[in-house]
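Participant: I have a structure here, written as structure tokens, and I will follow up with some questions on it.
The values are calculated or read from the model by the stated rules, or taken from the named source; none is laboratory data. These figures come from a predicted structure and were not determined experimentally. Glycine gets a Cβ as well: all are built from the backbone with ideal geometry, and neighbour counts include every protein chain shown.
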Amino acid sequence: MQKIARASQSRIVFGYITALQMLRMAQPCELASVRSGKPSIPERAPRTKELSLALERIEGDHPGLRFERPSHVLVSTPNGRAGELCVPHVCTRGFSRSSFFRLGDDVFFSKPELAFIQMATRIRNEVSLLELGWELCGSYQTRRTGVSVGYDVEPLTSVRALRDYVACNSSLGGAQKVARILPFLVDGSASSRETKFALVLGFSPFRGGYGMGFPRMNYEVIASPAARAISGKKSFRCDLCWPEARLDVEYQSRENHEGELSRIRDSRRANALAAMGWTVLGVTNDELNSLAATDAVAEAIRRHLGKRLRTNVSDWHARKLRLRRRLGLPVGYEEAI
């Protein structure tokens, strides 16, 4: 472990949500990894004018970066106070591996694994923390990471990288909280709705889920010659996949599955997978929004997986409602359209 070093006040070290925002918006070519465990941390937070000028300079030098205010900065002593432009966080521990990126001479920010641990100290709700973790390990972005909604983006980290980092930095505040949720994290989700559906299906009844185990997300299936002849595709990406059961559950968002061409594409894809012995189940927005429809879909998945519903949780229904509320899903029994 490296001990903390102090720095001149011109240096700024960003963390928490600000670091995640920078990771989303900075170009990889602009970043340099800090090989030592930690850059020297300023004793106090920058003054308002000092930070304002620094942010303007950073945004001018890196046009893709736009900071939300207030910014979250790391300091080595508890003297700084939160202001209009920044929220200081005392950081006194060292790290056993590289934990920061450098952006310019005097600007540093937490790598995604450290930023996630930092966020764990502020997010009390385990489900909300899991949603953030799935997003960081997925190919989409939302306001959770301080940016606008986007898809087909590069993952910021992976479950393996988080596990390795936590193992090397277990004494950090938030590290044990992250360690407890690692078994519920999965790489590869392509949208926040896929994430919500996977959590609902994968959690045990004790946690308000259906106890299916977590699927592989956007799992690649190589097409057989027959499947290739039907679809013209060399491979398929399965949204929520149980490969051992040859089950593909497709989340059919309105954006990607509307129109005649989309229906033709989906039909060819389903037929191609069927030719390989796969079963394809489609789930719509409306079905996920309806508790009754979600129950029915979960039962269909359960039968295909050959799983029996085993629960000694007497208040399972209440737990399902609680989980749906935490995920921002409706709790009524409205019929899916």
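Participant: Checking the conditions here, which among Arg303, Arg325 is closer than 18 Å to Thr195 by Cβ, without any contact (Cβ under 8 Å) to a residue 60 or more places away in the chain and out of contact with any helix residue (DSSP H, G or I) (no Cβ under 6 Å at 6 or more places or on another chain)?
Facilitator: Arg325
Participant: Of all residues in the range 47-84 being crowded, with 19+ Cβ neighbours inside 10 Å and of a type in the set (S, T, N, Q), which is farthest from Phe109 (Cα to Cα)?
Facilitator: Among residues in the range 47-84 that are crowded, with 19+ Cβ neighbours inside 10 Å and of a type in the set (S, T, N, Q), the one farthest from Phe109 (Cα to Cα) is Ser76.
Participant: From the residues in the range 238-257 that are in a loop (DSSP other than H, G, I, E, B) and at pLDDT below 95, which one is nearest to Leu288 (Cα to Cα)?
Facilitator: Across the range 238-257, the extreme among qualifying residues is Ser253.
Participant: Read through the list (1) touching a residue at least 12 places away in the same chain (Cβ under 8 Å); (2) over 18 Å from the mean Cα position of the chain (by Cα); (3) closer than 25 Å to Asp286 by Cα, then give the number of the only condition that Arg216 fails.
Facilitator: (2)
Participant: Here's a follow-up. Tell me whether the range 185-199 contains one or more residues that are charged (D, E, K, R) and farther than 24 Å from Ile301 by Cβ.
Facilitator: No; the residues of the range 185-199 include none that is charged (D, E, K, R) and farther than 24 Å from Ile301 by Cβ.
Participant: Next up: Condition (residue is in contact with a Pro (Cβ under 6 Å, 6 or more places away or on another chain) and on the phi < 0 side of the Ramachandran plot) applied to the range 158-177: is it met by at least one residue?
Facilitator: no
Participant: Where in the range 57-110 are there strands (runs of 3 or more DSSP E), lying fully within it, with 1 or more residues that are small (Gly, Ala, Ser)?
Facilitator: In the range 57-110, 71-75, 107-110 are the strands (runs of 3 or more DSSP E) which contain 1 or more residues that are small (Gly, Ala, Ser).
Participant: Consider Gly232 against the criteria (1) farther than 24 Å from Thr142 by Cβ; (2) in contact with a Cys (Cβ under 7 Å, 6 or more places away or on another chain); (3) not acidic (Asp, Glu): it satisfies all of them except one. Which criterion is unmet?
Facilitator: Of everything listed in (1) farther than 24 Å from Thr142 by Cβ; (2) in contact with a Cys (Cβ under 7 Å, 6 or more places away or on another chain); (3) not acidic (Asp, Glu), Gly232 misses just condition (2).
Participant: When the residues of the range 138-167 are filtered to those that are more than 14 Å from the chain's Cα centre (by Cα) and modelled with pLDDT of 95 or more, which remaining residue is surrounded by the most Cβ atoms within 10 Å (Cβ to Cβ)?
Facilitator: Residue satisfying both the conditions and the ranking: Tyr165.
Participant: Could you look through the range 289-313, keep only residues that are of a type in the set (S, T, N, Q) and under 16 Å from Gly209 (Cβ atoms), and pick out the one that is surrounded by the most Cβ atoms within 10 Å (Cβ to Cβ)?
Facilitator: Across the range 289-313, the extreme among qualifying residues is Thr294.
Participant: Can you pull out the helices (runs of 4 or more DSSP H) entirely within the range 169-237 that have at least 3 residues that are out of contact with any Leu (no Cβ under 9 Å at 6 or more places or on another chain)?
Facilitator: Passing ranges, in order: 175-181, 225-231.
Participant: Could you grab me the full set of residues in the range 150-163 that are touching a residue at least 40 places away in the same chain (Cβ under 8 Å) and assigned to a helix (DSSP H, G or I)?
Facilitator: Within the range 150-163, Ala161, Leu162 meet the criteria.
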